[in-house]
Every structure is written in C-alpha cells, then in structure tokens.
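Here is the structure we will look at, set down as structure tokens.
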Amino acid sequence: MARKKIALIGSGQIGGTLAHLAGLKELGDIVMFDIADGIPQGKALDIAESSPVDGFDAKLSGTTGYEAIEGADVCIVTAGVPRKPGMSRDDLLGINLKVMQQVGAGIAKYAPNAFVICITNPLDAMVWALQKFSGLPRNKVCGMAGVLDSARFRYFIAEELDVSVEDVTAFVLGGHGDTMVPLTRYSSVGGISLDDVVSMGWMSQEKLDQIVQRTRDGGAEIVGLLKTGSAFYAPAASAIMMAESYLKDKKRVLPCAAALKGEYGLDDMYVGVPTIIGENGVEKVIEIDLDIAEREEFDKSVNSVKGLMEACKGIDASLA
Ligand code: APR
C-alpha cells in the first residue's frame, strides 16, 4: 500500500514541528511548503537526516511550488503572519485572509480530496474563509484549537492534583481566544467530573477558577515567555492527533473548529465544538446539553467569532 501524503502549508515554527512529529509517527511522506525559499527545503532535509537515528521511514521534501502537494491526503495550514506590535486586528485579518485565498486556491487545484486542518489565527475566521476560498466540502475542512485548549486545561489540572495527564479529560468549546469556554462539568479526573472533584474537597473552586482563566490565557502566557513567537510544540501535537484520527479512521472524539449546519442553533460558521474525526473528515458534530450559564458563555464566544467574520466580509466582499 502506498504511503499517505501529508502537505504542510507553512514551514515556520509549527510547520517544522508538524513535519518532525508526522515523521516520528510514520504517518506518511511529508511535503513542506512555504513562500520563504530555503526554509522548507532545509527543514525537510534536516528532519530526513534524523530518520536513520530515530528509525522512521518517510520521504521529506521542501518546496515553494504548490504542484508538489498534488494528491495530498492531509493538508495542515500554518501559513500566515503573527500579529506584530502596532498592527491592528483588521491589518492582521487582511494579511492572513489573502494568505488563505492563495492557500485555498493551491489546495483546490492540487489536493481537492485532502482533509484540511487550519491552524492559522484568528482561527475560527480563517478556517471559515479557507473553506470558502478552497470550495472543499465543509466536512473536509476544520480548524485546530479545541484539542490544544483542552490539552492545556488537562495539563494544569493534572499538575495541580499531581495525577497522570492521561487520566484527565477535558472539553473546551467556543472560539479560539479569550472567550473560549472550558466546560468543567464535561471534564473529569479518572471519570470524576471536575464539579465533583470540587465538592469532594480535592480542589477548591477558587483554584479551579484560576485554572480555567489560565487556560483561556494559555496562548498569551507562552507569547509572554517566548517574546519573539507563539506556542508551537503543543499546537503541532494537537493537529497531528487530528490528522492521525483521519488517516487511521480512529473516529476520535475531539473538539475542533467545525462547520455548523444548524447544530447549536448556528449556521454557516465555524466554532469549536465536540466532533468525531474519521475517514470522512469531521463525521459528526456532537451537540451536548449546555446549561444557562454555559450557553451564555458559548454565545459570547460565538458573537466574538461572528465579529471577526463580519470584519473579514468587510475586507473581502467575496466572503459576504
Ligand atoms: N504561503 C505560504 N506560507 C506563508 C505565506 C503564504 N502566503 N505567508 C507566510 N507564510 C509562511 C511564513 O514564511 C512562515 O514560515 O508561514 C510561516 C508561518 O510560520 P511562523 O511565523 O513561524 O508561525 P507559527 O508559529 O508556525 O504559527 C503559524 O499558527 O498558531 C498560529 O498564530 C499562529 O497564525 C500563526 C500560525
């Protein structure tokens, strides 16, 4: 059986880590794409040269031409620019929207059957625009945010309780940003919901509230430490989990930015919800019950995503 092909559109910090992880996990052959000539070629060769040491078989190549992604089974998109000091939200939106337009055209032409995972920020608006620009089916285009946000939440809980990260599950819904909604009721330690963890006296409500806030600020915390960039190890690991679930038809239940068609009373937008990812891409959006307070927080998050979408429509009329 031929190896699967994974195209990484954007070969910066996250792109490089994606290539390394995809190689180590033998998910398939890897094509790294970027507009910065030399970067994708250099990183691909460097990782390929590590393969005899780590013992994995994968062909790695770097390119500045979209034709090299032809027939890719998975495309993971990190192309774009980060927000720099002095840049307004709309400046950033304008630049990254143009990038999504180019990437969408490249994928539509050379990899129309791929499962596409977008990571570029602002995530929910960018994945929505990428789906429109590419014209790929909505179930084949999704955004990575929920796995990362949930992983941060899980890590903080495990660290606080001094238990294995493997035994902590968590769900974070909504847009990727400071309005995200970590759902304590649907998060658990060894099957015990976090609300029960508090009522048992294992953790104080105050501590849990602090962890929820730290999760919301998780991206900013890393930027504050790194100063010259944003998180890349955990975002890459999260997208690889989604790609693996698709390639191996694992049907994992993962939160991701998915296209909604009436679920949660929303239409024609992307926002973070629980999904099942298998061989057909996003195979199902799971509609969980939200209580009044959770729904209010979710609605607030949805409104902030809608605000970004409106701004995108103002910049590019073809999205309206
Ligand atoms: N086509 C292809 N690649 C592009 C384009 C384009 N039009 N424009 C920029 N790039 C490339 C850059 O050359 C760079 O190598 O995208 C890469 C982005 O890499 P980094 O700046 O290192 O950013 P990274 O940390 O990988 O994050 C990528 O994910 O989490 C989000 O906010 C983050 O939007 C950012 C994205």
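A compact table of results
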| read-out | value |
| --- | --- |
| Answer from Gly42, Gly12 - the residue that is buried (at least 17 other Cβ atoms within 10 Å of the Cβ) and not acidic (Asp, Glu) | Gly12 |
| Pairs with Cβ under 7 Å, 6+ apart, first in the stretch 134-159 and over 19 Å from Ile222 (Cα atoms), second of a type in the set (Gly, Ala, Ser) and part of a helix (DSSP H, G or I) | Ser134/Gly104; Ser134/Ala108; Gly135/Ala108; Leu136/Ala108; Val141/Ser134 |
| Complete set of residues in the stretch 1-15 that are in contact with a Pro (Cβ under 9 Å, 6 or more places away or on another chain) and either part of a strand (DSSP E or B) or more than 16 Å from the ligand (Cβ to nearest atom) (or both) | Leu8 |
| Residues (surrounded by 21 or more Cβ atoms within 10 Å (Cβ to Cβ) and not in a helix (DSSP H, G or I)) located in the stretch 136-159 | Leu136, Val141, Cys142, Gly143, Met144, Ala145 |
| Condition check for Val103: within 22 Å of Lys132 (Cα to Cα), surrounded by fewer than 19 Cβ atoms within 10 Å (Cβ to Cβ) and near the ligand (Cβ under 8 Å from one of its atoms) | no |
| Any hit, the stretch 269-281, residues being within 16 Å of the ligand (Cβ to nearest atom), among the small types (Gly, Ala, Ser) and either exposed (fewer than 13 other Cβ atoms within 10 Å of the Cβ) or in a helix (DSSP H, G or I) (or both) | no |
| Residue match in the stretch 60-74 (condition: under 30 Å from Gln210 (Cβ atoms) and either crowded, with 23+ Cβ neighbours inside 10 Å or among the β-branched types (Val, Ile, Thr) (or both)) | no |
| Check on Arg295, of a type in the set (D, E, K, R), closer than 17 Å to Val181 by Cα and surrounded by fewer than 18 Cβ atoms within 10 Å (Cβ to Cβ) | yes |
| Matching residues in the stretch 70-96 - criterion: being away from the ligand (no atom under 11 Å from the Cβ) and either outside any loop (DSSP other than H, G, I, E, B) or of a type in the set (Gly, Ala, Ser) (or both) | Gly71, Ala72, Val74, Cys75, Gly86, Ser88, Arg89, Asp90, Asp91, Leu93, Gly94 |
| Test result for Gly281, of a type outside the set (Phe, Trp, Tyr) and out of contact with any Phe, Trp or Tyr (no Cβ under 7 Å at 6 or more places or on another chain) | no |
| Test: residue in the stretch 100-113 that is more than 24 Å from Ala317 (Cα to Cα) and part of a helix (DSSP H, G or I) | yes |
| Any hit, the stretch 45-64, residues being among the small types (Gly, Ala, Ser), in a loop (DSSP other than H, G, I, E, B) and within 12 Å of the ligand (Cβ to nearest atom) | no |
| Residues of the stretch 16-39 satisfying the condition of being of a type outside the set (A, V, I, L, M, F, W, C), buried (at least 19 other Cβ atoms within 10 Å of the Cβ) and away from the ligand (no atom under 16 Å from the Cβ) | Gly23, Gly28, Asp29 |
| Residue that is over 17 Å from Asn139 (Cα atoms) and of a type outside the set (S, T, N, Q), where the choices are Gly262, Gly224, Gly272 | Gly224 |
| Candidates Arg83, Arg89 - the one that is more than 30 Å from Met1 (Cα to Cα) and free of Cβ contacts under 8 Å to residues at least 60 places away in the same chain | Arg83 |
| Leading residue by the ranking (farthest from Leu123 (Cα to Cα)) among those in the stretch 273-320 that are in contact with a Ser or Thr (Cβ under 8 Å, 6 or more places away or on another chain) and small (Gly, Ala, Ser) | Gly278 |
| Test for Gly80: is it surrounded by fewer than 19 Cβ atoms within 10 Å (Cβ to Cβ) and either closer than 19 Å to Ala311 by Cα or at pLDDT below 95 (or both) | no |
| Pairs where the first residue, in the stretch 9-30, is basic (Lys, Arg) and the second is within 16 Å of the ligand (Cβ to nearest atom) and part of a helix (DSSP H, G or I), C-beta under 7 Å, 6+ apart | Lys25/Ile240 |
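The values are calculated or read from the model by the stated rules, or taken from the named source; none is laboratory data. A quick note: this is a predicted structure, and the numbers were derived from the prediction, not measured. For neighbour counting, all protein chains shown are included, and Cβ atoms are generated from backbone atoms with ideal geometry for every residue, glycine included.
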